[in-house]
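This report concerns only the one structure given below.
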Amino acid sequence: KRRFSHRASANSGDFVVFSMSQPGVDRILTGVYRLGLGLGTAAMIPSLCLYDVDGGQRVVMLNMLTGVEEKVRGEGTHFKVPWLMQPKWYSIRLRPKLIQTTTGTKDLQMVTIHIRMLFKPQIEGLPTIHRTLGEDYDERVLPSIANEVMKATIAQYNAESLLTQREQVSREIREAIVARANQFNILMDDIAITHLTYGKDFARAIEDKQVAQQDAERQKFIVEKAEQERQATVIRSEGEAEAAKMISEALKEHGSGLIEVRRIDTAKDIAENLAKSPNVMYLPNGQQMLLNVGGGARPQA
């Protein structure tokens, strides 16, 4: 047997001898190795045998022996058998999807329509979705059913009716897409038409029609204005004729007295206006002096 010894001197002059045999060293190294292996294995257990499901998520378990399990795992930490059980994460939050299509109307006009959908999967149907469609189920299902429903619905209306009956068109599209999506275990929370555009020819025809309607309204206004002016002229002429008739009757009944009274009233008004003017001077008959009847100051030369 091999032994290892070591001598060390202390202040007291005593000697301490350490000795260790080869089998003892092997046992210590083996123990350290086993301890490290156990700690490493224990550290790997959480990552291999445990998995977390966050809020707004669900997990479908794929068993390598029996296939997709029907049980859906909810939020929390769950156990799995490594390499035998493979979890597949699915989001159950509402997600938007924007789809557009170009199709023809009942009167053969081309229309481009955009719809925005908010969807999420049915929790109970996640195993079926994973088994039949896969994790990209929305890309596989939603574009096809949305395009089919929009084209079938738009074909039932004229291009002009899509504007006047937009609410009804949106409701029919929403009901049809919801019914089709339920067949694939997809829930639709909201479906709305965001854009509706027509072809260039139809847009130009609508613009020309609006211009023609505005011109017609303008001509109608001009005609009505002329009619109102004509009626005003007739009423004014009738009023003047009635006034002349009344004056003639008064002259026949009272003679020229009415004319004289009118002349005096007019002269009185003229005299009052002249008297209030500061620039009017009066020269009495037979006198050589000016009278400032208005009382205003004469301007300095």
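Each principal axis of the Cα cloud of the stretch 184-233 was evaluated for its coordinate range; sorted largest first, these ranges are 77, 26, 11 Å. Principal axis analysis of the Cα atoms in the stretch 61-156 yields extents of 62, 24, 18 Å, listed in decreasing size. log10 I(q)/I(0), Debye, Cα-only the stretch 120-199, no solvent, q = 0.11, 0.21 Å⁻¹? Reported log10 I(q)/I(0), two decimals: -0.34, -0.93. The alpha carbons of the stretch 114-166 give a radius of gyration and a Dmax of 15.4, 45 Å, in that order. Modelled label positions at Ala205 and Val261, each set 7 Å beyond Cα in the direction of Cβ, lie 7.4 nm from each other.
Taking the solvent-accessible surface of protein heavy atoms with a 1.4 Å probe, what is the per residue accessible area of the stretch 62-105 in Å²? Numbers along the way, then the final one.
On the way: 2780 Å² over 44 residues.
Value returned for the stretch 62-105: 63 Å² of accessible area per residue.
Each residue of the stretch 185-193 was assigned a 3J(HN,Hα) from its phi angle through the Karplus expression (A = 6.51, B = -1.76, C = 1.60, θ = phi - 60°), giving 6, 10, 9, 9, 8, 7, 9, 9, 7 Hz with x at Gly and Pro. Surface analysis of the stretch 196-248 yields an accessible area of 85 Å² per residue, using protein heavy atoms and a 1.4 Å probe.
May I ask you to compute the full-extension gain from Asn158 to Val32, defined as 0.36 nm times their residue separation minus their alpha-carbon distance, rounded to one decimal in nm?
On the way: separation 126, 0.36 × 126 = 45.36 nm, distance 8.43 nm.
Between Asn158 and Val32, full extension yields 36.9 nm more.
The spacing between the stretch 109-181 and the stretch 55-73, judged by their C-alpha centroids, is 28 Å.
Separation of the alpha carbons by more than 24 angstrom is noted, of Lys71/Lys120; Lys106/Lys200; Lys151/Lys200; Lys88/Lys151; Lys106/Lys209; Lys88/Lys120, for Lys88/Lys151.
Proximity of backbone amide H atoms, modeled 1.01 Å from N, is registered between Thr101 and Ile113 at under 5 Å, excluding neighbours fewer than 5 places apart on the same chain. For Lys80, the aspartates and glutamates whose Cα comes closer than 18 Å to its Cα, not counting residues fewer than 8 places off in the same chain, are Asp52, Asp54, Glu69, Glu70. Each label was represented as a point 7 Å from its Cα along the Cα-to-Cβ direction; for Leu65 and Arg166 these points are 6.0 nm apart.
Provide the gained length on full extension for the span Ile235 to Met110, in nm with one decimal, where the gain is 0.36 nm per separating residue minus the Cα-Cα distance. Kindly include the intermediate steps, with their values, before the conclusion.
On the way: separation 125, 0.36 × 125 = 45.00 nm, distance 5.65 nm.
Difference between extended and current length: 39.3 nm.
Going from most exposed to least, what order do Tyr90, Tyr198 have by accessible area with a 1.4 Å probe?
Result of the area sort, largest leading: Tyr198, Tyr90.
Note on Ala250 and Ser277: their simple-model spin labels are 2.8 nm apart, each label 7 Å out from Cα toward Cβ.
So what does log10 I(q)/I(0) come out to for the stretch 153-211 at q = 0.18, 0.20, 0.22, 0.25 Å⁻¹, using the Debye formula with one equal point on every Cα and no solvent? Summing over Cα pairs of the stretch 153-211 leads to -0.72, -0.82, -0.92, -1.05.
The values are calculated or read from the model by the stated rules, or taken from the named source; none is laboratory data. Remember, predicted model here, so these are calculated numbers, not experimental data. Virtual Cβ from ideal backbone geometry, glycine too; neighbours counted across all protein chains shown. Protein only, heavy atoms only, side chains kept; ligands, DNA and RNA dropped before computing areas. Shrake-Rupley method; radii C 1.70, N 1.55, O 1.52, S 1.80 Å.
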